[in-house]
Every structure is written in C-alpha cells, then in structure tokens.
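As structure tokens, the structure follows; a few thoughts come after it.
The values are calculated or read from the model by the stated rules, or taken from the named source; none is laboratory data. Keep in mind that what you see is a predicted model, and the values were worked out from it rather than measured. Methodologically, a virtual Cβ is constructed for each residue, glycine included, from the backbone with ideal geometry; neighbour enumeration extends over all protein chains shown. We work out accessible area using only protein heavy atoms, side chains counted, and drop any ligands, DNA or RNA first. Shrake-Rupley method; radii C 1.70, N 1.55, O 1.52, S 1.80 Å.
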Amino acid sequence: MKKTCKQVLLTFVALATIGLVGCKKDPVVDPVTPEDPGTTTETVSLAGTAWVGVYNDQYTQNGVTYPATLTWSLDFINDSVGELFLELVVGGAPQNGVNVPFTYTFDGHDGMLNAGEVGMSPIVYDSVANTITATLNVGVEGSDAGLGGVTVFYPRGENPGGGETDTTGGVTPGEITDEFPANTTWRATEETVYPAGELGELPMTLVYTLTFNNDHTGSLDITVTVLGQTADPQRVMYNWEYDSTNHRGNFIIRNVPLPFTYDEATNTITTEFNFDVSGGGTAGGQLTFTRVQSKQFTVRLGK
C-alpha cells in the first residue's frame, strides 16, 4: 500500500527564482614588488575583513519540521586568528548565540579554518565573486541531526543570500527578512478518498505543512496516509511575498502567483492548492493552516 501512496503526483513542481544584486567590497590586497622592477605581484590577505553567510536548513522533531536559519558572522582579526558568531533561528524562535574563536591559514586563494568543536573546514576565496566558501555545522541538544553545511560568505553589509549552496531545494533566495511570516511553520489536514480501482475508494488523509524561510523561500510538504500506511512526503518549493497592510501574500510557483490570506483574529493562513492524484481524482482545494508553535532548542558545538 505504501507504494500506491507514493504515486500521488503534484501538478506544480517547477520553481520561480529571484535574482540577487549586491555591491562588492574587496579584501585587503597587499602589493608586493619583487627585485625585478618590471614585474609586480599581489597577495590577498583576509586580515581585518568581516563576512556574513546564511545557511537555510530544516529541523525535524517528533514528526514536526521547523525552518532553521543559521547566520554566521566571520571576522578575521589578523593573519592567523579570528572569530565566528552563530545566530540561529528555529521555527521562528531565536536561539542563544554562540561565539567560536578559530585559527586559520590562507595563501591568497585557499586555506584551512580550525574552529575547534565546530570542526575544521577548507576555505576558498573567489576573487571574481568576492566570496568565501566554508563548511560549518552545529548540532542540536538531544538530537543526532546536525544543522548547517557548505556556506557562502559575502562581505558584511551585503545581502548574504545563500546562493547556489542554499538548501531550500533550488529556489533562489531573496532578501533576508525578519518580517512575518518569515521563520514560521503552518499545518492543515484534509480527509478525502483515494480511487484504488477494484478496491474502490479508500479513506485518505493528507497533512500539509507550510514553511516560510527568512529569505522569501519556502516549502509545502504533503504527507499521504491510506489504510494506516504513510508515504514519503511530496515537496513543492516556492518563493513568497507578503503585504502586511492588507494581510495578503503570494506563493510564487512557475512564476505564477498563488494568493494566500492571513487572519490575525484566528492566526490562520488560507489558500487554495489543487493537484491530481495518480489513478484519477483530485485533492486539495481551499485549505486553512494553523500555526505550529515553535520550540526552544539548545545548540551544541560540533556535528
């Protein structure tokens, strides 16, 4: 039966994208003039520079998935030491910040960062994009699941974005925001039937989970249960926009806006998702989502 459940197909899986635009600042460049006056070389130093990187992740506990945003501040104090500061938001709830000293080596292009319990990571400087790439992970107390991964750092003051290493399923990140509904999770349930041929119409439960990341990306996870058998979730990624004045917004899928409304009085989101079920029939329709309460987590260093 689980194999049958997995045949649920969504009719909207193509994703919209939002481009990122930002000014660039250069790291410190030290000119070095060799003995031959006819030639000049340059060495790049990270000393005294500051960078910010954002990694969008998801954390699941007791079957509930929360959007998790890791914002790393990377400061190179001199040519060998620096500091990392992690700001973590899980399910809309800011966690206690973590400050981690590190040592590093750098040859102008590549290097190695040693952040103790957080671990060691190669660092790669892209002089064309003016970015630094590193792999940073942390754990959550009471769970074996780690958060984080390959993170792209931009000079502080620019939109850190997330770029092509962002983990939101391929949707290009947009402007970072703390405005509602960023960093929230919502859930709706639908009871319907599944047309199973000779078996007739079987009772089917669909659980819809909406997540809004803080870079205007998000996901809709649909979990199907038939006769007690639950299939793997189907996921649709989207960009989102929201007007707090009239409490209306859009999910942007295939470059097409799909409206949703927010009711402050009931703290619910209403929208309309429609999709076909393999074998015939439809599901979805108008759905009302209630907010999943966020929980407080304790960050531990290391994976």
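Give the number of residues within the range 171-191 that are hydroxyl-bearing (S, T, Y), open to solvent by 40 Å² or more (accessible area, probe 1.4 Å) and touching a strand residue (DSSP E or B) at 6+ places or on another chain (Cβ under 6 Å).
First, the residues of the range 171-191 that are hydroxyl-bearing (S, T, Y): 172, 177, 184-185, 189.
Filter again for open to solvent by 40 Å² or more (accessible area, probe 1.4 Å), leaving 172, 189.
Narrowing the set further to residues that are touching a strand residue (DSSP E or B) at 6+ places or on another chain (Cβ under 6 Å) leaves 189.
Count: 1.
Could you tell me whether the range 139-147 includes any residue that is open to solvent by less than 30 Å² (accessible area, probe 1.4 Å), within 14 Å of the chain's Cα centre (by Cα), at pLDDT below 85 and within 28 Å of N183 (Cα to Cα)? No, every residue in the range 139-147 fails to be open to solvent by less than 30 Å² (accessible area, probe 1.4 Å), within 14 Å of the chain's Cα centre (by Cα), at pLDDT below 85 and within 28 Å of N183 (Cα to Cα). Inclusion of S127 among residues that are in contact with a strand residue (DSSP E or B) (Cβ under 6 Å, 6 or more places away or on another chain) and either farther than 29 Å from E175 by Cα or not charged (D, E, K, R) (or both) is not warranted.
Taking the range 109-139 as the range and being small (G, A, S) and farther than 16 Å from V152 by Cβ as the test, the residues that pass are A115, G116, G119, G139. If R300 meets every condition in (1) among the charged types (D, E, K, R); (2) open to solvent by less than 40 Å² (accessible area, probe 1.4 Å); (3) modelled with pLDDT under 80 apart from one, which number is that one? Every listed condition holds for R300 apart from (2).
Can you give me the ranges of the strands (runs of 3 or more DSSP E) entirely in the range 39-120 with at least 3 residues that are over 26 Å from the mean Cα position of the chain (by Cα)? Step through it out loud before you land on a result.
On the way: elements: 41-45, 50-61, 64-76, 81-90, 98-106, 110-114.
Filter on the range 39-120 gives 41-45, 98-106.
Among the residues of the range 59-77, are any of a type outside the set (G, A, S), under 16 Å from T131 (Cβ atoms) and at pLDDT below 50? No - not one qualifying residue is present in the range 59-77. Here D232 fulfils each of the conditions (1) touching a strand residue (DSSP E or B) at 6+ places or on another chain (Cβ under 7 Å); (2) open to solvent by 50 Å² or more (accessible area, probe 1.4 Å); (3) within 22 Å of Y66 (Cβ to Cβ) apart from (1). Per the conditions (1) at pLDDT 75 or above; (2) acidic (D, E); (3) surrounded by 14 or more Cβ atoms within 10 Å (Cβ to Cβ), the sole criterion not satisfied by D166 is (1). Within the range 180-215, the set of residues being of a type in the set (A, V, I, L, M), in contact (Cβ under 8 Å) with a residue 60 or more places away in the chain and assigned to a strand (DSSP E or B) comprises A188, V193, M204, L206, L210. Check whether at least one residue in the range 216-229 is crowded, with 18+ Cβ neighbours inside 10 Å, assigned to a loop (DSSP other than H, G, I, E, B) and within 13 Å of the chain's Cα centre (by Cα), and report yes or no. Yes, that holds for at least one residue.
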